[in-house]
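To start, the structure itself, in structure tokens.
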């Protein structure tokens, strides 16, 4: 156990927040904002879309965080991504979130809180109240970063509340990897990511979540896009006991394009809740959402996908494709894709499938000499491929395939 | 027992409780080509699926041996490892699995470790050439979005790459245009002339005699209502062309009556 009994404060109430502030100061979020957020967390109900039901093993309404410690002496802050020298001289800022307001006040205040609205959001309020780690990335207009910037968040014996703020100036381009990892027994990740793209900016944002089997995750990510900006989000939720991962991208300016790719795989007694929403708030905006999910063992999953096309979004073009694969009788996946369209001249498509591996595919592979269990693994891995192939870098794709294969392996050979 | 060949005797099989095969006897020797012809619904595909081990086809009686090894009762992959190949009339699509990966996995399963990666590559490119296909085909997903002709070419590519002892080709000619049919015919021809394929036995299941203009059958069998009613040499195919299946059916009825 790495938690010191003198400094650890259990539970996520006022006392815990006071202890956190006494220990590390306000950081970039002042105390009043934090206490307001905490009050909202305590008062707001769990939104109906995230409520239990259908015998979900994990019910957010019954979530008990009283035993969760908020800091941990053993913990090191997330190492900041290495910045190529050329990027530094071009004025790119990468700063520890807690120092961002002090060191880059104008840039920080122009960006902070612009994409996330925590006023009616219980778990985003909790993340805001305790935000204790994180990274601020600010890319000036026109600067192109070729190398991905990698942010590693590692939770230990205490909860981790990461705040990631990424701002891209007009015509700039960057790729950011957010990796969530845990040490043994980590209880909670509760975080926020704000992604702000000015006009013509292009951001690739990759979420690679491989938390351990004890960890709950309550992550809220919000993006806004200016005119002709492009956002590609690829999100792999492969770990955790109960992972709630919510993403909303709003195309505010005409010509904005959003691609959202999510894959999740719940095995054992994992529960994964993924929610994506793309808002078309301007004309000629485009979006594509591709979701591939699978469940094995007694894994549970839920996908809520929403495309919202506002009345002014003439010529919007949106597609949402969601496919789920059930690999065991005990697995359960719910999929709820939805379209809300208030404009007339738009194109919108959504389709969803759910099912087991087809016997015809298995038989076909078996007639080629491939044993049934191997055929199942091959077909299941192939099922993820349309989502996997949208992740950046072959190295990451190869790593994710290995993780997926390990989850597919029968317990006897695991 | 140890007699070589794909030997089917008194095979009876049913689907959903309906008996489709009513006692089939057929022996395909190494290096020979047999054509099994018959109208739709006569049970030709049922024979193919029953011998390959499809779980929906219930064999109630009979046997099917491959060079002496009983196939019935084995899982489909074990039958393939014994040396059987089935070319499907409607091959399944496996999205996300590339042709190259699928064939490599299958080759490794039926002939473990017998080809270095370089030799595997050389062989597959040679076969692509015979089938008049380009290398981009290898990175496509198995049968996913394939045209009818592409599906049948992939079946032939697998046949050549897996080098079985006996191959059942189920309606490989159906739905093919002239070019695709020519490519399929050339592929079988090339295979039969190769070292790997010269001892291969073929059971070509077809409705129409036209594939037999590309591949010469040593023996022709006619199947009606779950039974083989006539067997003969290549001239039997011409008779079907002349008389049609109705003519054959009348002859059979007359001889029985």
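Take residue A:357 and decide whether it is more than 9 Å from chain B (Cβ to nearest Cβ) and in a loop (DSSP other than H, G, I, E, B). Yes: the conditions hold for residue A:357.
Anything in the range A:161-205 that is in a loop (DSSP other than H, G, I, E, B) and within 30 Å of residue A:12 (Cβ to Cβ)? List them, or say none. Full working, then the answer.
Here is the first cut: in the range A:161-205, the ones in a loop (DSSP other than H, G, I, E, B) are A:161, A:169-172, A:183-187, A:198-201.
Residues satisfying the conditions are A:161, A:183, A:184, A:185, A:186, A:187.
For the range B:51-69, the set of residues classified as at the interface with chain A (Cβ under 9 Å from one of its Cβ atoms) and surrounded by fewer than 18 Cβ atoms within 10 Å (Cβ to Cβ) consists of B:55, B:56, listed by residue number. Note on the range A:369-414: residues that are within 11 Å of another protein chain (Cβ to nearest Cβ) and not in a helix (DSSP H, G or I) total 4.
In the list B:41, B:53, which residue meets the criterion of being more than 17 Å from residue B:201 (Cβ to Cβ) and in contact with a helix residue (DSSP H, G or I) (Cβ under 8 Å, 6 or more places away or on another chain)? So the residue among B:41, B:53 that is more than 17 Å from residue B:201 (Cβ to Cβ) and in contact with a helix residue (DSSP H, G or I) (Cβ under 8 Å, 6 or more places away or on another chain) is B:53.
Being more than 13 Å from chain A (Cβ to nearest Cβ), out of contact with any strand residue (DSSP E or B) (no Cβ under 9 Å at 6 or more places or on another chain) and within 29 Å of residue B:46 (Cβ to Cβ) is a description that applies to residue B:150.
Which residues, counting only those in the range B:70-82, are surrounded by fewer than 16 Cβ atoms within 10 Å (Cβ to Cβ) and either assigned to a strand (DSSP E or B) or within 14 Å of chain A (Cβ to nearest Cβ) (or both)? Lay out the reasoning, then the answer.
If we filter the range B:70-82 for residues that are surrounded by fewer than 16 Cβ atoms within 10 Å (Cβ to Cβ), which is where we start, we get B:70, B:73, B:75.
Hits for the range B:70-82 are B:70, B:75.
Considered as a group, the residues in the range B:99-141 that are within 20 Å of the chain's Cα centre (by Cα) and within 14 Å of chain A (Cβ to nearest Cβ) include one that is surrounded by the fewest Cβ atoms within 10 Å (Cβ to Cβ), and that residue is B:111.
With respect to the conditions (1) in contact with a helix residue (DSSP H, G or I) (Cβ under 9 Å, 6 or more places away or on another chain); (2) within 16 Å of residue A:126 (Cβ to Cβ), residue A:158 lacks only one, and its number is (1). Can you say whether residue A:264 is assigned to a strand (DSSP E or B) and crowded, with 23+ Cβ neighbours inside 10 Å, as far as the supplied structure shows? Yes: the conditions hold for residue A:264. Sort out which residues of the range B:1-17 are closer than 19 Å to residue B:61 by Cβ and either crowded, with 16+ Cβ neighbours inside 10 Å or at pLDDT 95 or above (or both), and write them in order of number. Within the range B:1-17, B:6, B:7, B:8, B:9, B:10, B:11, B:12, B:13, B:14, B:15 qualify.
Check whether at least one residue in the range A:360-368 is more than 11 Å from every other protein chain (Cβ to nearest Cβ), farther than 30 Å from residue A:284 by Cα and more than 25 Å from the chain's Cα centre (by Cα), and report yes or no.
Taking the range A:360-368 as the starting set, the residues that turn out to be more than 11 Å from every other protein chain (Cβ to nearest Cβ) are none.
No.
Table: residues versus (1) outside any loop (DSSP other than H, G, I, E, B); (2) touching a strand residue (DSSP E or B) at 6+ places or on another chain (Cβ under 8 Å); (3) closer than 22 Å to residue A:273 by Cβ.
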residue	(1), (2), (3)
A:56	no, yes, yes
A:81	no, yes, no
A:101	yes, no, no
A:108	yes, yes, no
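Yes/no matrix, rows are residues, columns are (1) modelled with pLDDT under 95; (2) touching a helix residue (DSSP H, G or I) at 6+ places or on another chain (Cβ under 6 Å):
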{"residue": "A:341", "(1), (2)": "no, no"}
{"residue": "A:352", "(1), (2)": "yes, no"}
{"residue": "A:362", "(1), (2)": "no, yes"}
{"residue": "A:366", "(1), (2)": "no, yes"}
{"residue": "A:369", "(1), (2)": "no, yes"}
{"residue": "A:379", "(1), (2)": "no, yes"}
{"residue": "A:386", "(1), (2)": "yes, no"}
{"residue": "A:391", "(1), (2)": "no, yes"}
{"residue": "A:397", "(1), (2)": "no, yes"}
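If you go through the range A:304-319 and keep only what is crowded, with 23+ Cβ neighbours inside 10 Å and in a strand (DSSP E or B), you end up with A:305, A:307, A:309, A:318. For the range B:198-250, a tally of residues being in contact with a helix residue (DSSP H, G or I) (Cβ under 7 Å, 6 or more places away or on another chain), assigned to a loop (DSSP other than H, G, I, E, B) and over 25 Å from residue B:4 (Cβ atoms) returns 1.
The number of residues in the range B:172-196 that are within 15 Å of the chain's Cα centre (by Cα), surrounded by 20 or more Cβ atoms within 10 Å (Cβ to Cβ) and assigned to a loop (DSSP other than H, G, I, E, B) comes to 2.
Could you grab me the full set of residues in the range B:33-50 that are in contact (Cβ under 8 Å) with a residue 40 or more places away in the chain and either assigned to a strand (DSSP E or B) or surrounded by fewer than 18 Cβ atoms within 10 Å (Cβ to Cβ) (or both)? Of everything in the range B:33-50, those that are in contact (Cβ under 8 Å) with a residue 40 or more places away in the chain and either assigned to a strand (DSSP E or B) or surrounded by fewer than 18 Cβ atoms within 10 Å (Cβ to Cβ) (or both) turn out to be B:33, B:34, B:35, B:36, B:37, B:39, B:40.
The values are calculated or read from the model by the stated rules, or taken from the named source; none is laboratory data. None of the values given here were measured: they were computed from a predicted structure. In this analysis, Cβ positions are derived from the backbone assuming ideal geometry, glycine residues included, and neighbour counts consider all displayed protein chains.
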